[in-house]
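One structure is given below, encoded as structure tokens.
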Amino acid sequence: MQAKLFTPLSLGDLTLPNRVVMAPLTRNRAKPDGDVPHALNATYYEQRASAGLIITEATQITPEGKGYIQTPGIYSTEQVAGWRKVTDAVHAKGGRIFLQLWHVGRISHVSLQPDGKQPVAPSPVAAEAQTFIATGFAEVSEPRALELEEIPGLIEDYRKAAENARTAGFDGVEVHAANGYLIDQFLRDGTNKRTDAYGGSAENRTRLLAEVLETVTKVYPAKRVGVRFSPFSKFNDMSDSDPMETFTAAIARANDAGLGYVHLVEGEMGQSRDLPPGADIAKLRAGFSGAYMANNGYDRERAIEAVDSGEVDLVAFGRLFLANPDLVERLEKDTPLNEPDQDTFYGGDAHGYTDYPRLEEVAA
Ligand code: PHB
């Protein structure tokens with residue numbers, strides 16, 4: 001019997017031919033001048049067009065949303081034109097592609113910010129975390145708290161970014177609310193110390209998320225919008241006193257918005273799948289009536305089993321997709337896989353990016 005992993009799934013009027021998703025992956029290969037996607041990026045995504053769905057690398061919605069060198073943006077006309085080359089290339093190969101909307105919040109450095117200003121965050125709580133700037137790794141800078149009056153402008157930035165994504169030809173968008181970036185900083189009480197309507201209770205901490213989802217689903221049909229959370233990850237110095245309560249509330253917001261899917265990083269991003277005591281992914285998943293996309297350390301066997309059992313609807317693969325442009329075909333045929341090369345993950349050129357061979361090239 002054919003594994004369900006290789007069967008279609010619909011997100012509203014969009015049909016994914018299989019459930020093998022390319023996870024969002026930061027690759028730091030946009031044009032340094034203006035953080036613009038270019039031909040090399042189009043080739044990389046086009047090579048992976050047989051994915052059921054491609055989710056792009058995290059893409060900053062504004063200059064202030066940037067936290068690392070050479071990550072692409074979606075706020076300038078040059079960036080929209082650059083992304084259009086990417087979506088055209090993927091569509092010409094029969095693929096589907098969502099843009100991941102990103103604001104890094106406190107995970108940034110003054111050298112990456114307009115006029116060298118402080119990064120923004122829900123509260124002035126600095127992260128013990130590093131970023132990558134022009135001169136190499138650096139400690140992130142001290143953030144300042146967003147003023148209440150600035151929040152409508154932030155929501156407007158998300159709206160414009162979603163409109164730009166639509167202009168650039170994306171089939172949908174994923175709101176990045178994971179891994180310790182801005183929305184996640186609002187969700188969790190280790191970083192959100194606000195005393196206004198955006199801090200305190202879980203209802204208040206999920207308010208920014210709800211407003212972002214509300215505005216983005218006015219641009220795209222709700223089923224073409226997904227959201228990514230990492231409820232139990234400590235990456236980027238994150239903590240929460242009650243992650244089950246926080247993320248039950250966050251997932252309820254996604255459900256109320258009628259989104260196409262919720263995407264969870266199960267465990268520690270790119271690392272352990274172990275969960276802390278009391279953590280219950282199935283219970284979180286049960287609060288969402290749309291599709292469930294799982295990520296973190298899935299291999300062929302785990303993915304087939306998780307989808308066949310009905311536990312999971314879609315599986316997002318990061319490292320494996322990075323190293324295997326034809327991952328869907330290889331998983332389907334159960335053939336050997338290329339090994340990812342960690343040294344070329346972040347930054348550089350075509351090497352370790354567009355030169356991973358397809359199976360027929362390995363065999364040749
Ligand atoms: C990173 O650049 O290290 C990075 C970016 C986005 C993520 C996670 C990690 O969601």
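Each value in this text was obtained by applying a stated rule to the coordinates, not by laboratory testing. As the structure is a prediction and not an experimental result, all values here were calculated from the model. We place every Cβ from the backbone using ideal geometry, glycine too, and count neighbours over all the protein chains shown.
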Local net charge near A121, Cβ-Cβ under 9 Å (Lys/Arg +1, Asp/Glu -1): +2
Could you pull out which residues in the stretch 231-262 have an amide N less than 18 Å from a spot 7 Å beyond the Cα of E128, following the Cα-Cβ vector? 233-241
Quick one: which residues, 5 or more positions from L11 or on another chain, have an amide H under 5 Å from its amide H? H modelled 1.01 Å from N in the peptide plane, none for Pro or chain starts. L16
In terms of the charge dipole of the stretch 4-363, which places +1 on Lys and Arg and -1 on Asp and Glu at the beta carbon, the residue among Y45, L284, V120 farthest towards the positive end is Y45
Among DSSP bridges having both ends in the chain, what percentage is antiparallel? Round to the nearest 5. 20 percent
Length added when fully stretched, E156-F137, from 0.36 nm per residue minus Cα-Cα: 3.7 nm
Candidates per GluC sites (Glu not before Pro) in the stretch 116-221, loop by DSSP, up to 10 other Cβ within 10 Å: E128, E147
For E57, which sequence-distant residues (separation of 5 or more, or a different chain) have an amide H within less than 5 Å of its own amide H, given hydrogens modelled in the peptide plane? L25
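I want to check a number: in the chain, how many lysine pairs have alpha carbons closer than 15 Å, given a sequence separation of 8 or more or different chains?
So the count works out to 6.
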For the stretch 285-319 and the stretch 203-225, what is the separation of their C-alpha centers, rounded to whole Å? 23 Å
Listed by chain and number, the residues whose amide H is under 5 Å from that of V36, excluding neighbours fewer than 5 places away on the same chain and using placed H, are K31
I need the fraction of alpha carbon pairs in the stretch 33-119 separated by more than 18 Å, rounded to a whole percent. 43 percent
How big is the chain by Rg and Dmax over its Cα atoms, in Å? 19.1, 63
Expected vector for the stretch 97-113, Karplus 3J(HN,Hα) from phi with 6.51, -1.76, 1.60 and θ = phi - 60°, integer Hz, x for Gly and Pro, equals 9, 9, 8, 8, 8, 10, 9, 7, x, 6, 8, 8, 9, 3, 5, 9, 9
In whole Hz, what ³J(HN,Hα) sequence does the stretch 255-269 give by Karplus (6.51, -1.76, 1.60; θ = phi - 60°), x for Gly and Pro? 5, 4, 7, x, 4, x, 8, 10, 10, 10, 7, 8, x, 9, 3
